[in-house]
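One structure is given below, encoded as C-alpha coordinates.
The values are calculated or read from the model by the stated rules, or taken from the named source; none is laboratory data. Source: prediction; values computed, not measured. Note that we place each Cβ from the backbone using ideal geometry, even for glycine, and neighbour counts take in every protein chain shown. For accessibility, only protein heavy atoms count, side chains too; no ligands or nucleic acids. Shrake-Rupley method; radii C 1.70, N 1.55, O 1.52, S 1.80 Å.
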Amino acid sequence: MISLRCLALRSLLGALLFLNAAALLTPSAVSQTSSSLAATPPMGWNSWNKFGCNVSDKLIREMADAMVSSGMQAAGYQYVNIDDCWQVSRDAQGTIVADPQRFSSGMKGLADYIHTKGLKLGLYTDAGTGTCEKRPGSLNHEVQDAKTYASWGIDYVKIDWCNSEGLDPEVQYAKLRDALAQSGRPIVFSICNWGVKAPWRWGPKTGNLWRTTGDISDSYDSMSLIGFGQNGLEIFAGPGHWNDPDMLEVGNGHMNRDEYRTHMALWALLAAPLLAGNDLRNMSAETKELLTNSDVIAVDQDSKGVQGHRVWQEGPLEIWAKPLADGSQAVGLFNRSESAIQMTLDFKGIGAPAAAKLRDLLDHKDLATAQNSYATEVPKHGVVLLKVSK
Ligand code: GAL
(Lines give C-alpha, C1' and ligand atoms only; values in the text may rest on other atoms or scores of the structure.)
Protein backbone atom coordinates (compact mmCIF):
# COMPACT_ATOMS: atom_id res chain seq x y z
CA MET A 1 0.00 0.00 0.00
CA ILE A 2 1.08 3.61 0.33
CA SER A 3 4.70 3.73 1.33
CA LEU A 4 5.34 5.79 4.40
CA ARG A 5 8.84 6.65 3.20
CA CYS A 6 9.00 10.38 2.91
CA LEU A 7 5.32 11.10 3.45
CA ALA A 8 5.78 12.16 7.06
CA LEU A 9 8.68 14.39 6.12
CA ARG A 10 6.76 15.91 3.23
CA SER A 11 3.78 16.54 5.49
CA LEU A 12 5.95 18.26 8.04
CA LEU A 13 7.68 20.27 5.35
CA GLY A 14 4.35 21.32 3.92
CA ALA A 15 3.02 22.34 7.33
CA LEU A 16 6.14 24.38 8.11
CA LEU A 17 6.11 26.14 4.77
CA PHE A 18 2.44 26.82 5.21
CA LEU A 19 2.97 28.45 8.59
CA ASN A 20 5.85 30.59 7.31
CA ALA A 21 4.09 31.60 4.16
CA ALA A 22 0.82 32.43 5.90
CA ALA A 23 2.60 35.42 7.38
CA LEU A 24 3.24 36.72 3.86
CA LEU A 25 -0.34 36.81 2.65
CA THR A 26 -0.65 39.66 0.20
CA PRO A 27 -4.04 39.90 -1.48
CA SER A 28 -2.72 42.49 -3.92
CA ALA A 29 -0.35 39.90 -5.34
CA VAL A 30 -3.29 37.90 -6.65
CA SER A 31 -3.88 38.23 -10.34
CA GLN A 32 -7.02 36.28 -10.99
CA THR A 33 -7.64 34.41 -14.22
CA SER A 34 -11.20 33.73 -15.21
CA SER A 35 -11.91 30.15 -16.13
CA SER A 36 -14.98 28.22 -17.05
CA LEU A 37 -13.08 25.11 -15.96
CA ALA A 38 -13.63 24.41 -12.27
CA ALA A 39 -16.14 27.26 -11.90
CA THR A 40 -17.01 25.42 -8.69
CA PRO A 41 -14.53 23.21 -6.79
CA PRO A 42 -13.85 19.97 -8.73
CA MET A 43 -15.64 16.86 -7.46
CA GLY A 44 -14.54 13.32 -8.14
CA TRP A 45 -12.44 10.44 -6.87
CA ASN A 46 -8.68 9.79 -6.72
CA SER A 47 -6.89 6.46 -6.32
CA TRP A 48 -4.07 7.47 -3.97
CA ASN A 49 -5.52 7.56 -0.44
CA LYS A 50 -6.90 4.04 -0.60
CA PHE A 51 -4.97 2.21 -3.32
CA GLY A 52 -1.55 3.89 -3.51
CA CYS A 53 0.41 2.32 -6.40
CA ASN A 54 -2.08 -0.49 -6.85
CA VAL A 55 -3.91 1.03 -9.84
CA SER A 56 -5.15 -0.78 -12.96
CA ASP A 57 -7.60 -0.43 -15.83
CA LYS A 58 -9.93 -2.85 -14.04
CA LEU A 59 -9.87 -0.87 -10.79
CA ILE A 60 -10.53 2.43 -12.54
CA ARG A 61 -13.43 1.04 -14.60
CA GLU A 62 -14.96 -0.51 -11.49
CA MET A 63 -14.62 2.76 -9.65
CA ALA A 64 -16.32 4.63 -12.51
CA ASP A 65 -19.14 2.07 -12.52
CA ALA A 66 -19.50 2.47 -8.75
CA MET A 67 -19.47 6.26 -9.03
CA VAL A 68 -22.58 5.95 -11.17
CA SER A 69 -24.37 3.11 -9.33
CA SER A 70 -23.75 4.52 -5.84
CA GLY A 71 -25.36 7.86 -6.66
CA MET A 72 -22.05 9.74 -6.44
CA GLN A 73 -22.34 10.93 -10.04
CA ALA A 74 -25.90 12.16 -9.44
CA ALA A 75 -24.59 14.01 -6.36
CA GLY A 76 -22.07 15.91 -8.53
CA TYR A 77 -18.90 13.80 -8.60
CA GLN A 78 -17.47 13.53 -12.12
CA TYR A 79 -13.66 13.18 -12.22
CA VAL A 80 -12.11 9.71 -11.93
CA ASN A 81 -8.45 10.45 -11.24
CA ILE A 82 -5.58 8.00 -11.47
CA ASP A 83 -2.73 9.05 -9.18
CA ASP A 84 0.90 7.90 -9.20
CA CYS A 85 2.13 4.62 -10.77
CA TRP A 86 0.12 4.34 -14.01
CA GLN A 87 3.22 5.23 -16.09
CA VAL A 88 6.31 3.09 -16.60
CA SER A 89 8.67 4.62 -19.15
CA ARG A 90 9.07 6.71 -22.30
CA ASP A 91 9.33 5.24 -25.80
CA ALA A 92 12.01 6.07 -28.38
CA GLN A 93 10.14 9.27 -29.31
CA GLY A 94 9.96 10.30 -25.68
CA THR A 95 6.22 9.66 -25.41
CA ILE A 96 5.08 8.64 -21.95
CA VAL A 97 4.02 4.98 -21.77
CA ALA A 98 1.28 3.62 -19.51
CA ASP A 99 1.99 0.32 -17.78
CA PRO A 100 1.03 -2.19 -20.51
CA GLN A 101 0.23 -4.92 -18.00
CA ARG A 102 -1.97 -2.85 -15.73
CA PHE A 103 -3.54 -0.65 -18.41
CA SER A 104 -3.80 -3.11 -21.29
CA SER A 105 -6.49 -1.19 -23.18
CA GLY A 106 -4.34 1.95 -23.08
CA MET A 107 -5.29 5.30 -21.65
CA LYS A 108 -7.33 6.27 -24.71
CA GLY A 109 -9.46 3.13 -24.36
CA LEU A 110 -9.97 3.83 -20.68
CA ALA A 111 -10.86 7.49 -21.29
CA ASP A 112 -13.39 6.44 -23.94
CA TYR A 113 -15.04 4.10 -21.43
CA ILE A 114 -15.12 6.77 -18.72
CA HIS A 115 -16.63 9.26 -21.17
CA THR A 116 -19.45 6.86 -22.15
CA LYS A 117 -20.54 7.08 -18.51
CA GLY A 118 -20.67 10.86 -18.63
CA LEU A 119 -17.60 10.99 -16.37
CA LYS A 120 -14.14 12.50 -16.88
CA LEU A 121 -10.68 10.99 -16.56
CA GLY A 122 -7.77 12.53 -14.69
CA LEU A 123 -4.09 11.59 -14.58
CA TYR A 124 -1.16 12.36 -12.32
CA THR A 125 2.36 13.40 -13.23
CA ASP A 126 5.24 15.25 -11.65
CA ALA A 127 6.95 18.52 -12.55
CA GLY A 128 10.41 17.10 -11.83
CA THR A 129 12.51 14.30 -13.29
CA GLY A 130 10.45 11.54 -11.67
CA THR A 131 7.27 11.04 -9.68
CA CYS A 132 7.35 10.39 -5.95
CA GLU A 133 7.13 6.67 -6.79
CA LYS A 134 10.05 7.01 -9.23
CA ARG A 135 8.07 6.85 -12.48
CA PRO A 136 9.03 9.26 -15.30
CA GLY A 137 8.31 12.93 -14.56
CA SER A 138 7.39 15.68 -17.03
CA LEU A 139 10.53 17.80 -16.85
CA ASN A 140 11.62 18.72 -20.39
CA HIS A 141 8.58 16.87 -21.78
CA GLU A 142 5.97 19.44 -20.77
CA VAL A 143 4.52 20.17 -24.23
CA GLN A 144 4.85 16.59 -25.46
CA ASP A 145 3.08 15.17 -22.40
CA ALA A 146 0.26 17.72 -22.55
CA LYS A 147 -0.33 16.78 -26.20
CA THR A 148 -0.30 13.09 -25.33
CA TYR A 149 -2.84 13.61 -22.55
CA ALA A 150 -5.07 15.61 -24.90
CA SER A 151 -4.84 12.90 -27.57
CA TRP A 152 -5.95 10.32 -25.01
CA GLY A 153 -8.92 12.47 -23.94
CA ILE A 154 -7.66 13.34 -20.45
CA ASP A 155 -9.74 15.98 -18.63
CA TYR A 156 -7.75 16.69 -15.44
CA VAL A 157 -4.04 16.61 -14.62
CA LYS A 158 -2.52 16.69 -11.14
CA ILE A 159 1.16 17.65 -11.16
CA ASP A 160 3.32 16.76 -8.18
CA TRP A 161 6.62 18.24 -6.96
CA CYS A 162 8.96 15.33 -6.15
CA ASN A 163 12.47 15.29 -7.66
CA SER A 164 12.27 18.96 -8.53
CA GLU A 165 15.62 20.10 -7.11
CA GLY A 166 16.69 23.45 -8.52
CA LEU A 167 13.30 24.29 -10.03
CA ASP A 168 11.20 27.30 -9.07
CA PRO A 169 7.59 26.13 -8.69
CA GLU A 170 6.13 29.44 -9.84
CA VAL A 171 8.16 29.26 -13.08
CA GLN A 172 7.83 25.53 -13.69
CA TYR A 173 4.07 25.37 -13.07
CA ALA A 174 3.57 28.35 -15.42
CA LYS A 175 5.42 26.37 -18.09
CA LEU A 176 3.14 23.40 -17.47
CA ARG A 177 0.08 25.67 -17.58
CA ASP A 178 1.16 26.97 -21.00
CA ALA A 179 1.80 23.45 -22.26
CA LEU A 180 -1.69 22.36 -21.18
CA ALA A 181 -3.21 25.48 -22.74
CA GLN A 182 -1.53 24.60 -26.06
CA SER A 183 -2.76 21.01 -25.97
CA GLY A 184 -6.04 21.87 -27.66
CA ARG A 185 -8.16 20.30 -24.90
CA PRO A 186 -9.66 21.91 -21.80
CA ILE A 187 -7.83 20.20 -18.93
CA VAL A 188 -8.28 21.04 -15.25
CA PHE A 189 -4.83 21.82 -13.82
CA SER A 190 -4.20 20.69 -10.26
CA ILE A 191 -0.95 21.97 -8.74
CA CYS A 192 0.42 19.67 -6.04
CA ASN A 193 3.52 21.19 -4.47
CA TRP A 194 2.42 20.94 -0.84
CA GLY A 195 2.41 24.70 -0.23
CA VAL A 196 6.05 25.26 -1.30
CA LYS A 197 6.60 28.96 -2.13
CA ALA A 198 3.03 29.91 -1.16
CA PRO A 199 1.20 28.69 -4.30
CA TRP A 200 -1.92 30.63 -3.26
CA ARG A 201 -0.02 33.77 -4.33
CA TRP A 202 0.67 32.63 -7.91
CA GLY A 203 -1.78 29.71 -8.16
CA PRO A 204 -4.78 31.78 -9.29
CA LYS A 205 -3.01 32.81 -12.49
CA THR A 206 -1.45 29.39 -12.98
CA GLY A 207 -3.82 26.54 -12.13
CA ASN A 208 -7.37 25.68 -11.15
CA LEU A 209 -6.39 24.37 -7.72
CA TRP A 210 -3.24 24.13 -5.64
CA ARG A 211 -2.40 22.01 -2.63
CA THR A 212 -1.70 24.15 0.42
CA THR A 213 -0.02 21.56 2.68
CA GLY A 214 1.67 18.17 2.88
CA ASP A 215 -0.33 14.97 2.56
CA ILE A 216 -3.47 14.23 4.55
CA SER A 217 -3.78 10.88 6.32
CA ASP A 218 -6.82 9.09 7.68
CA SER A 219 -6.69 10.48 11.22
CA TYR A 220 -8.50 13.25 13.08
CA ASP A 221 -5.17 14.92 13.92
CA SER A 222 -4.01 15.09 10.32
CA MET A 223 -7.38 16.12 8.89
CA SER A 224 -8.08 18.76 11.54
CA LEU A 225 -4.57 20.24 11.43
CA ILE A 226 -4.85 20.71 7.68
CA GLY A 227 -8.51 21.75 7.57
CA PHE A 228 -8.55 24.30 10.42
CA GLY A 229 -5.13 25.53 9.26
CA GLN A 230 -6.65 26.94 6.06
CA ASN A 231 -7.91 30.05 7.82
CA GLY A 232 -6.51 33.17 6.12
CA LEU A 233 -6.22 31.60 2.67
CA GLU A 234 -9.84 32.42 1.76
CA ILE A 235 -8.80 35.63 0.00
CA PHE A 236 -7.03 33.65 -2.72
CA ALA A 237 -9.87 31.32 -3.74
CA GLY A 238 -12.70 31.90 -6.18
CA PRO A 239 -14.39 30.45 -9.26
CA GLY A 240 -11.80 28.71 -11.43
CA HIS A 241 -9.04 28.76 -8.78
CA TRP A 242 -9.23 26.98 -5.43
CA ASN A 243 -7.11 26.23 -2.40
CA ASP A 244 -6.76 22.45 -2.11
CA PRO A 245 -6.44 21.08 1.43
CA ASP A 246 -6.03 17.56 -0.10
CA MET A 247 -8.33 14.69 -0.91
CA LEU A 248 -11.00 13.22 1.31
CA GLU A 249 -10.41 10.34 3.69
CA VAL A 250 -14.14 9.84 4.38
CA GLY A 251 -14.91 6.12 4.52
CA ASN A 252 -11.33 4.87 4.85
CA GLY A 253 -11.99 3.63 8.36
CA HIS A 254 -9.71 5.41 10.83
CA MET A 255 -11.97 8.27 11.88
CA ASN A 256 -15.33 7.90 13.58
CA ARG A 257 -18.67 9.22 12.34
CA ASP A 258 -18.35 12.63 14.01
CA GLU A 259 -14.80 13.07 12.73
CA TYR A 260 -15.75 12.28 9.15
CA ARG A 261 -18.73 14.67 9.47
CA THR A 262 -16.24 17.34 10.58
CA HIS A 263 -14.03 16.48 7.58
CA MET A 264 -16.88 16.80 5.06
CA ALA A 265 -18.47 19.90 6.65
CA LEU A 266 -15.12 21.69 6.94
CA TRP A 267 -14.12 20.90 3.34
CA ALA A 268 -17.53 22.21 2.18
CA LEU A 269 -17.11 25.44 4.18
CA LEU A 270 -13.62 25.76 2.66
CA ALA A 271 -15.00 25.43 -0.89
CA ALA A 272 -12.42 22.67 -1.20
CA PRO A 273 -12.22 20.22 -4.07
CA LEU A 274 -14.23 17.14 -3.05
CA LEU A 275 -12.14 14.20 -4.25
CA ALA A 276 -13.28 11.04 -2.52
CA GLY A 277 -10.38 8.76 -1.59
CA ASN A 278 -12.19 5.60 -0.50
CA ASP A 279 -13.32 2.41 -2.21
CA LEU A 280 -16.59 3.39 -3.88
CA ARG A 281 -17.46 -0.25 -4.61
CA ASN A 282 -18.30 -1.17 -1.05
CA MET A 283 -19.21 1.93 0.92
CA SER A 284 -21.24 1.67 4.11
CA ALA A 285 -24.62 3.40 4.06
CA GLU A 286 -23.17 5.99 6.48
CA THR A 287 -20.22 6.80 4.18
CA LYS A 288 -22.44 7.01 1.12
CA GLU A 289 -24.91 9.31 2.86
CA LEU A 290 -22.11 11.62 3.98
CA LEU A 291 -20.30 11.77 0.62
CA THR A 292 -23.55 12.35 -1.27
CA ASN A 293 -25.18 14.67 1.27
CA SER A 294 -26.86 17.19 -1.04
CA ASP A 295 -27.22 19.91 1.62
CA VAL A 296 -23.49 19.80 2.39
CA ILE A 297 -22.42 19.54 -1.26
CA ALA A 298 -24.56 22.60 -2.06
CA VAL A 299 -22.42 24.59 0.40
CA ASP A 300 -19.20 23.45 -1.26
CA GLN A 301 -20.52 24.04 -4.78
CA ASP A 302 -22.28 27.34 -4.08
CA SER A 303 -22.01 29.58 -7.15
CA LYS A 304 -20.73 32.59 -5.18
CA GLY A 305 -17.49 30.64 -4.83
CA VAL A 306 -16.41 32.18 -1.53
CA GLN A 307 -14.16 30.16 0.76
CA GLY A 308 -15.37 30.27 4.36
CA HIS A 309 -13.24 31.34 7.30
CA ARG A 310 -13.15 31.26 11.09
CA VAL A 311 -15.40 33.88 12.68
CA TRP A 312 -15.00 32.89 16.34
CA GLN A 313 -12.71 30.77 18.48
CA GLU A 314 -12.40 29.94 22.13
CA GLY A 315 -9.76 27.28 22.73
CA PRO A 316 -10.84 24.12 20.92
CA LEU A 317 -14.23 25.54 19.95
CA GLU A 318 -14.44 27.23 16.55
CA ILE A 319 -17.18 28.75 14.43
CA TRP A 320 -16.65 29.05 10.68
CA ALA A 321 -18.93 30.79 8.20
CA LYS A 322 -19.27 30.85 4.42
CA PRO A 323 -21.49 33.39 2.65
CA LEU A 324 -23.74 31.82 0.01
CA ALA A 325 -25.15 33.14 -3.26
CA ASP A 326 -28.72 33.43 -1.93
CA GLY A 327 -27.64 35.83 0.85
CA SER A 328 -27.64 33.18 3.56
CA GLN A 329 -24.62 31.71 5.33
CA ALA A 330 -23.39 28.22 6.03
CA VAL A 331 -22.08 28.09 9.59
CA GLY A 332 -20.12 25.28 11.23
CA LEU A 333 -19.92 24.94 15.02
CA PHE A 334 -16.86 22.76 15.60
CA ASN A 335 -15.80 21.08 18.83
CA ARG A 336 -12.15 20.04 18.69
CA SER A 337 -12.12 19.10 22.38
CA GLU A 338 -12.24 15.63 23.91
CA SER A 339 -15.83 15.79 25.23
CA ALA A 340 -19.26 16.92 24.07
CA ILE A 341 -20.01 20.55 24.78
CA GLN A 342 -22.82 23.12 24.47
CA MET A 343 -21.99 25.80 21.89
CA THR A 344 -23.91 29.00 21.21
CA LEU A 345 -24.07 30.82 17.90
CA ASP A 346 -24.69 34.54 18.38
CA PHE A 347 -26.49 35.81 15.25
CA LYS A 348 -25.18 39.37 15.62
CA GLY A 349 -21.62 38.03 15.60
CA ILE A 350 -22.06 36.71 12.07
CA GLY A 351 -24.23 39.58 10.79
CA ALA A 352 -27.37 37.41 10.67
CA PRO A 353 -30.85 38.83 11.41
CA ALA A 354 -32.13 38.67 15.02
CA ALA A 355 -34.82 36.20 13.91
CA ALA A 356 -32.98 33.69 11.76
CA LYS A 357 -34.20 30.62 9.96
CA LEU A 358 -32.01 27.60 10.63
CA ARG A 359 -31.48 24.34 8.83
CA ASP A 360 -29.30 21.49 10.07
CA LEU A 361 -27.49 20.50 6.87
CA LEU A 362 -25.85 17.25 7.91
CA ASP A 363 -29.17 15.87 9.15
CA HIS A 364 -31.36 17.58 6.48
CA LYS A 365 -33.63 19.11 9.15
CA ASP A 366 -35.30 22.52 9.25
CA LEU A 367 -35.15 23.87 12.82
CA ALA A 368 -37.54 26.34 14.44
CA THR A 369 -36.74 30.03 13.78
CA ALA A 370 -34.46 31.22 16.57
CA GLN A 371 -34.14 34.66 18.22
CA ASN A 372 -30.69 36.25 18.62
CA SER A 373 -28.81 33.03 19.20
CA TYR A 374 -28.91 29.27 18.90
CA ALA A 375 -27.46 26.84 21.42
CA THR A 376 -26.78 23.20 20.66
CA GLU A 377 -24.68 20.34 21.89
CA VAL A 378 -21.72 19.49 19.66
CA PRO A 379 -20.11 16.05 20.07
CA LYS A 380 -16.41 15.53 20.73
CA HIS A 381 -14.46 16.11 17.45
CA GLY A 382 -17.86 16.83 15.88
CA VAL A 383 -19.72 19.60 14.15
CA VAL A 384 -23.18 21.08 13.76
CA LEU A 385 -23.47 22.56 10.26
CA LEU A 386 -26.23 25.13 9.85
CA LYS A 387 -27.68 27.19 7.07
CA VAL A 388 -28.60 30.55 8.59
CA SER A 389 -30.97 32.71 6.57
CA LYS A 390 -33.59 35.49 6.86
C1 GAL B 1 2.44 13.12 -3.04
C2 GAL B 1 1.10 13.81 -3.23
C3 GAL B 1 0.02 12.79 -2.98
C4 GAL B 1 0.19 11.64 -3.97
C5 GAL B 1 1.60 11.05 -3.88
C6 GAL B 1 1.88 10.04 -4.97
O7 GAL B 1 3.48 14.01 -3.23
O8 GAL B 1 1.01 14.88 -2.33
O9 GAL B 1 -1.24 13.37 -3.09
O10 GAL B 1 -0.06 12.11 -5.26
O11 GAL B 1 2.59 12.06 -3.96
O12 GAL B 1 3.20 9.57 -4.95
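Can you tell me which residues in the stretch 155-166 are within 16 Å of the ligand (Cβ to nearest atom), open to solvent by less than 60 Å² (accessible area, probe 1.4 Å) and of a type outside the set (Lys, Arg)?
If the condition is that a residue be within 16 Å of the ligand (Cβ to nearest atom), open to solvent by less than 60 Å² (accessible area, probe 1.4 Å) and of a type outside the set (Lys, Arg), then Tyr156, Val157, Ile159, Asp160, Trp161, Cys162, Ser164 are the ones that fit.
Are any residues in the stretch 150-166 out of contact with any Phe, Trp or Tyr (no Cβ under 9 Å at 6 or more places or on another chain) and in contact (Cβ under 8 Å) with a residue 40 or more places away in the chain, and if so, which ones?
Ser151, Trp152, Gly153, Ile154
Going through Arg102, Arg90 one at a time, which residue ends up being touching a helix residue (DSSP H, G or I) at 6+ places or on another chain (Cβ under 7 Å), among the charged types (D, E, K, R) and without any contact (Cβ under 8 Å) to a residue 60 or more places away in the chain?
Going through Arg102, Arg90 in turn, just one is touching a helix residue (DSSP H, G or I) at 6+ places or on another chain (Cβ under 7 Å), among the charged types (D, E, K, R) and without any contact (Cβ under 8 Å) to a residue 60 or more places away in the chain: Arg102.
Would you confirm whether or not the stretch 375-382 contains a residue that is surrounded by fewer than 15 Cβ atoms within 10 Å (Cβ to Cβ) and at pLDDT below 95?
no
Could you go through the stretch 136-145 and let me know if any residue there is assigned by TED's automatic domain parsing to the domain that holds Leu280, modelled with pLDDT of 95 or more, within 25 Å of the chain's Cα centre (by Cα) and assigned to a strand (DSSP E or B).
yes
When you look at Thr287, is it β-branched (Val, Ile, Thr), farther than 19 Å from Val188 by Cβ, in the same structural domain as Tyr156 (by TED's automatic domain parsing) and within 16 Å of the chain's Cα centre (by Cα), yes or no?
no
Being charged (D, E, K, R), in a loop (DSSP other than H, G, I, E, B) and crowded, with 19+ Cβ neighbours inside 10 Å is the requirement here; does Asp84 meet it?
The answer is yes for Asp84.
Within the stretch 128-152, take every residue that is small (Gly, Ala, Ser) and under 17 Å from Leu110 (Cα atoms) and give me the one that is least open to solvent (accessible area, probe 1.4 Å).
Ranking the qualifying residues of the stretch 128-152, first place goes to Ala150.
From the residues in the stretch 87-118 that are surrounded by 21 or more Cβ atoms within 10 Å (Cβ to Cβ) and of a type in the set (Val, Ile, Thr), which one is nearest to Met247 (Cα to Cα)?
Filtering first and then ranking leaves Ile114.
Could you list, in sequence order, the residues of the stretch 53-81 that are in a loop (DSSP other than H, G, I, E, B) and closer than 21 Å to Ser294 by Cβ?
Of everything in the stretch 53-81, those that are in a loop (DSSP other than H, G, I, E, B) and closer than 21 Å to Ser294 by Cβ turn out to be Ser70, Gly71, Gly76, Tyr77, Gln78.
Could you check Gly76 against (1) more than 13 Å from the ligand (Cβ to nearest atom); (2) modelled with pLDDT under 95 and say which number it fails?
Among (1) more than 13 Å from the ligand (Cβ to nearest atom); (2) modelled with pLDDT under 95, Gly76 violates only (2).
Scan the stretch 167-190 and tell me whether some residue there is surrounded by fewer than 19 Cβ atoms within 10 Å (Cβ to Cβ), in contact (Cβ under 8 Å) with a residue 12 or more places away in the chain and within 16 Å of the ligand (Cβ to nearest atom).
yes
Does at least one position in the stretch 41-51 carry a residue that is in the same structural domain as Trp242 (by TED's automatic domain parsing), open to solvent by 10 Å² or more (accessible area, probe 1.4 Å), at pLDDT 95 or above and within 18 Å of Pro136 (Cα to Cα)?
Yes, there is a match, as at least one residue in the stretch 41-51 is in the same structural domain as Trp242 (by TED's automatic domain parsing), open to solvent by 10 Å² or more (accessible area, probe 1.4 Å), at pLDDT 95 or above and within 18 Å of Pro136 (Cα to Cα).
Quick one: which helices (runs of 4 or more DSSP H) sit completely within the stretch 194-289 and have at least 2 residues that are open to solvent by 20 Å² or more (accessible area, probe 1.4 Å)?
Where helices (runs of 4 or more DSSP H) fall fully within the stretch 194-289 and carry at least 2 residues being open to solvent by 20 Å² or more (accessible area, probe 1.4 Å), they are 220-228, 257-269.
How many of the residues making up the stretch 319-336 are open to solvent by less than 20 Å² (accessible area, probe 1.4 Å) and part of a loop (DSSP other than H, G, I, E, B)?
Looking only at that region, the number is 2.
Tell me which of these Asp295 doesn't satisfy, since it passes every other one: (1) touching a residue at least 60 places away in the same chain (Cβ under 8 Å); (2) not assigned by TED's automatic domain parsing to the domain that holds Asn256.
(2)
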